[in-house]
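Here's the structure, in structure tokens; my notes come after.
The values are calculated or read from the model by the stated rules, or taken from the named source; none is laboratory data. Everything quoted here is computed from the prediction, not taken from an experiment. Quick reminder, even Gly has a Cβ in these numbers, built from the backbone with ideal geometry, and neighbours come from all protein chains shown. Keep in mind that these areas ignore ligands, DNA and RNA; they rest on the heavy atoms of the full protein, side chains included. Shrake-Rupley method; radii C 1.70, N 1.55, O 1.52, S 1.80 Å.
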Amino acid sequence: MPVPLLDLRAQHATIRDEMMAAVTGVIDSQLFILGEAVARLEGEVAKLSRTKHAIGCASGTDALLLAFRALNIGRGDEVITTPFTFFATAGAIHNVGATPVFVDIEPRTFNIDPVAVKAAVTSRTKAVVPVDLFGQMAAMERFPQLVPGLPVIEDAAQSIGARRTIAGQERMAGEVATIGTFSFFPSKNLGGYGDGGMMVTQDAALAARLKRLRVHGGMQMYHHDEVGYNSRLDALQAAVLHAKLQHLSHWSAGRRANAAYYTSAFADVAEIRTPVIDPVNESIFNQYTIRVERRDDLQAHLKRKGIGSAIYYPVPLHLQPCFEYLGYRQGAFPESERAAREVLSLPIYPELTSAQLDEVVAAVRAFYGR
Ligand SMILES: Cc1ncc(COP(=O)(O)O)c(C=O)c1O
């Protein structure tokens, strides 16, 4: 039985009528740009993230770009981030003219190492960008303590609805950042029917600036206070996302249940290191990522058996050809480089049947002779 890495058609089969109604509603209204559908989704995402403001935009990449612009980050500025993330995190830093400064990850969680962040701060540092990788929040409480006043942009593209207990209080992804950013790329836990993104913040002035930047830098038609972008969330996407949002916590709980199943099924296989979730975190498991020996052979074995898997990410960003100009060398960030050699993400989507889960478990175990 083939088991794809992600089966969006299985999700669609469970919500088809709702989705068709959401899409038809927008088409009947013929209101496609921003408007009520987007405002309604923004309100719900702000509520979920426990932030005062949420601003929709065209993608998770643009959400980062707009966040940097709203914080006046540009040429001559340094922004500290992790090299073990999707390209967009550092690409957006580069694209506002700033310099990405990479620091290594904590090997357990794959998230940026706060101690390394502190060591990388210079007089040119203008922000830090922790990424909540694979659905698990970074140590968000650490960054404001390291450098008081330094803006923290939380790249929560993979982690909408994730939680972390900070000083005895549960905090949501995006909640304690200066600006938090989400992606609605179809493969995310909350995925649209195309691209989409959102920024959240507690700061009214930043929210106003983000709103302006997404519509060419002016709130009044044909009047431009600054040069912004065309980066709006489509009403069609907003309607789809609003309908899907009602299912998000259930879907993420399904992913957690699948993760727990795999983790106990692999417990006796020494060659497999299952994901470590910090006890103060609740992950949304956008990915279930194991570390293994002979990773590429395991992936080839799974492929032969019809089981999907993926390597997120095979080349850390400091070793990407486009960032050669930054001057990093192989060996600069050993934990990120080791992770890139060892990681493999397995199917984790909530519609997996127990037979499919068992198929994945059996195939992985068989590779290691169990
Ligand atoms: C960590 C991270 N940052 C940024 C992005 C960019 O989001 P998008 O694809 O919506 O532009 C993604 C997702 O694809 C991501 O995983």
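Numbers below:
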{"item": "Filtered residue count, the range 1-31, keeping only those that are in a loop (DSSP other than H, G, I, E, B) and open to solvent by 80 Å² or more (accessible area, probe 1.4 Å)", "result": "4"}
{"item": "Search result, residues across the range 308-352 that are within 22 Å of the chain's Cα centre (by Cα) and among the polar types (S, T, N, Q)", "result": "Ser309, Gln320, Ser336, Ser345"}
{"item": "Every residue from the range 224-256 that is open to solvent by less than 80 Å² (accessible area, probe 1.4 Å) and closer than 27 Å to Pro275 by Cβ", "result": "Leu241, Lys244, Leu245, His247, Leu248, Trp251, Ser252, Ala253, Gly254, Arg255, Arg256"}
{"item": "Residues of the range 95-115 classified as open to solvent by 10 Å² or more (accessible area, probe 1.4 Å), farther than 19 Å from Tyr325 by Cα and within 21 Å of the chain's Cα centre (by Cα), total", "result": "5"}
{"item": "Test result for Gly76, surrounded by fewer than 24 Cβ atoms within 10 Å (Cβ to Cβ), at pLDDT 95 or above, more than 23 Å from the chain's Cα centre (by Cα) and on the phi > 0 side of the Ramachandran plot", "result": "yes"}
{"item": "Check on Ala138, without any contact (Cβ under 8 Å) to a residue 40 or more places away in the chain and either within 14 Å of the ligand (Cβ to nearest atom) or of a type in the set (S, T, N, Q) (or both)", "result": "yes"}
{"item": "In the range 257-297, residue surrounded by the most Cβ atoms within 10 Å (Cβ to Cβ) [restricted to those that are closer than 18 Å to Tyr349 by Cβ and among the small types (Gly, Ala, Ser)]", "result": "Ser283"}
{"item": "Residue in the range 132-143 that is in contact with a Pro (Cβ under 6 Å, 6 or more places away or on another chain) and in a loop (DSSP other than H, G, I, E, B) present", "result": "yes"}
{"item": "Only one of Thr81, Thr51 that is within 23 Å of Gly174 (Cβ to Cβ) and surrounded by fewer than 24 Cβ atoms within 10 Å (Cβ to Cβ)", "result": "Thr51"}
{"item": "Flag if Phe367 is over 21 Å from the mean Cα position of the chain (by Cα), open to solvent by 20 Å² or more (accessible area, probe 1.4 Å) and modelled with pLDDT of 95 or more", "result": "yes"}
{"item": "Pair list, Cβ < 8 Å and 6+ apart or interchain, from the range 269-281 residues that are more than 14 Å from Ala173 (Cβ to Cβ) and acidic (Asp, Glu) to residues that are at pLDDT 95 or above and assigned to a loop (DSSP other than H, G, I, E, B)", "result": "Glu271/Arg294; Glu271/Tyr368"}
{"item": "Selection within the range 351-370 - in a loop (DSSP other than H, G, I, E, B) and among the acidic types (Asp, Glu)", "result": "Glu351"}
{"item": "For Phe87: the one exception among (1) buried (at least 19 other Cβ atoms within 10 Å of the Cβ); (2) among the hydrophobic types (A, V, I, L, M, F, W, C); (3) farther than 22 Å from Leu245 by Cα", "result": "(1)"}
{"item": "Number of the condition not met by Leu146 [criteria: (1) within 16 Å of the ligand (Cβ to nearest atom); (2) more than 14 Å from the chain's Cα centre (by Cα)]", "result": "(1)"}
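Residue-by-condition table, conditions (1) touching a Leu at 6+ places or on another chain (Cβ under 6 Å); (2) within 12 Å of the ligand (Cβ to nearest atom); (3) in contact (Cβ under 8 Å) with a residue 40 or more places away in the chain; (4) of a type in the set (A, V, I, L, M):
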| site | (1), (2), (3), (4) |
| --- | --- |
| Ser49 | no, no, yes, no |
| Ala54 | no, no, yes, yes |
| Ala58 | no, yes, yes, yes |
| Val103 | no, no, yes, yes |
| Val121 | no, no, yes, yes |
